[in-house]
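Please see the structure below; I have some questions.
The values are calculated or read from the model by the stated rules, or taken from the named source; none is laboratory data. A quick note: this is a predicted structure, and the numbers were derived from the prediction, not measured. Here Cβ is always computed from backbone atoms with ideal geometry, including for glycine, and neighbour counts include all displayed protein chains.
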Amino acid sequence: MSRIAATFSQLKSQGRKALIPYVTAGFPFADVTPELMHSMVAGGADVIELGVPFSDPSADGPIIQQAAEKALANGIGLALVLEMVRDFRRQDSQTPVVLMGYANPVERYDIKHRRDDGESAFVRDAAAAGVDGVLIVDYPPEECAAFAARLRAHDMDLIFLLAPTSTDARMAQVAEVASGYVYYVSLKGVTGAGTLDVEAVEAMLPRIRRHVSVPVGVGFGIRDAATARAIGKVADAVVIGSKIIQLIENQPRDKVAAVAHDFLKEIRTALD
């Protein structure tokens, strides 16, 4: 059983919902991420989504795009993201970490660190660093069976996005290869766009669950405790990203972790 599956199983037995914050690795300071991750766990995070900076995202709105641009300017690439996870693991062996990003950095990493045996260098090194799951926005499920199998061989999960426009056929495709959880994008648009329609989310989740047996997390548009609590009543997990990025982007180095901690503590209290 992966760390993600074990975490969701434990939360279910406690009647609790997962809190999954997202932060961009290397933002707002190149060296702050491991400390920030620990502070989010202390604030109540159950799983951490760690964004891999990329210059041309397709799902991220302006807030997370700007965070990625700053992280890239700070010199952060996938190899350094894996080092951050290794650093985090020196003190935390329990909290699942999911890398969220795009195909280009992963493919480039595999080319740069190509293995003689044909195995994926990214999968090998991510597992060794302590990564628990991978969400690659532009990897379609119909092309991912082999990749998912390689991840599962290392107790890592392949996580997919579903959207309000996802058809039943698409959900069935995702169900064939997804593990850990699926991430339901609650809005038609990019991260941080629009206002969340809780009733629409509530209506969509039973349809998703007819196809998908893993837990369902909901994100895109959750910005405060009230919305998180409402989504937590119907979803298995609440994912928050853009709001955290906004809160920490202009903080001095020594305040970043504390600001994230205090915000997540408020969300955790609301969920519980």
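What pairs come out if I take residues in segment 234-257 that are over 18 Å from E35 (Cβ atoms) and pair them with residues that are at pLDDT 95 or above and acidic (D, E) whose C-beta lies under 9 Å away, six or more apart or interchain?
If the second residue must be at pLDDT 95 or above and acidic (D, E), the pairs left are A237/D46; V239/E49; G241/E49.
Also: Going through segment 144-197 one residue at a time, which ones are among the hydroxyl-bearing types (S, T, Y), buried (at least 18 other Cβ atoms within 10 Å of the Cβ) and at pLDDT below 90? Give the steps one after another, and end with the answer.
Going residue by residue through segment 144-197, those that are among the hydroxyl-bearing types (S, T, Y) are 165-167, 179, 181, 183-184, 186, 191, 195.
Okay, now just the ones that are also buried (at least 18 other Cβ atoms within 10 Å of the Cβ), so 166, 179, 181, 183-184, 186, 191.
S186, T191, listed by residue number.
From Y184, Y139, grab the single residue that is aromatic (F, W, Y), outside any loop (DSSP other than H, G, I, E, B) and at negative phi. Don't jump to the end; show me each part of the working.
Values: Y139 fails: outside any loop (DSSP other than H, G, I, E, B).
It is Y184.
For every residue, the table says whether it meets (1) farther than 14 Å from K17 by Cβ; (2) in a loop (DSSP other than H, G, I, E, B); (3) among the small types (G, A, S).
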{"site": "I222", "(1), (2), (3)": "no, yes, no"}
{"site": "R229", "(1), (2), (3)": "no, no, no"}
{"site": "V238", "(1), (2), (3)": "no, no, no"}
{"site": "I245", "(1), (2), (3)": "yes, no, no"}
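Follow-up. Answer with yes or no whether A148 is within 25 Å of D46 (Cβ to Cβ), of a type in the set (A, V, I, L, M) and within 17 Å of the chain's Cα centre (by Cα).
Details: within 25 Å of D46 (Cβ to Cβ): yes; of a type in the set (A, V, I, L, M): yes; within 17 Å of the chain's Cα centre (by Cα): yes.
Judged against the criteria, A148 is a match.
Continuing with the same structure: Just give me the residues in segment 92-120 being basic (K, R) and either buried (at least 17 other Cβ atoms within 10 Å of the Cβ) or touching a strand residue (DSSP E or B) at 6+ places or on another chain (Cβ under 8 Å) (or both), in sequence order.
none
Of the residues in segment 205-226, how many are under 17 Å from L247 (Cβ atoms) and surrounded by fewer than 20 Cβ atoms within 10 Å (Cβ to Cβ)?
4
Working carefully through the options R209, R170, find the one that is out of contact with any strand residue (DSSP E or B) (no Cβ under 7 Å at 6 or more places or on another chain), more than 30 Å from P28 (Cα to Cα), among the charged types (D, E, K, R) and free of Cβ contacts under 8 Å to residues at least 60 places away in the same chain. Write out each step before concluding.
Working: R209 fails: out of contact with any strand residue (DSSP E or B) (no Cβ under 7 Å at 6 or more places or on another chain).
Exactly one of R209, R170 is out of contact with any strand residue (DSSP E or B) (no Cβ under 7 Å at 6 or more places or on another chain), more than 30 Å from P28 (Cα to Cα), among the charged types (D, E, K, R) and free of Cβ contacts under 8 Å to residues at least 60 places away in the same chain, namely R170.
From the list D60, D87, exactly one residue is within 21 Å of I136 (Cα to Cα) and either touching a Leu at 6+ places or on another chain (Cβ under 8 Å) or in contact (Cβ under 8 Å) with a residue 12 or more places away in the chain (or both). Which is it? Write out each step before concluding.
Details: D87 fails: within 21 Å of I136 (Cα to Cα).
One residue alone meets the criteria, D60.
Every residue in segment 29-43 that is in a loop (DSSP other than H, G, I, E, B) and crowded, with 21+ Cβ neighbours inside 10 Å, please.
Pass one, segment 29-43, residues in a loop (DSSP other than H, G, I, E, B): 29-32.
Residue satisfying the conditions is V32 alone.
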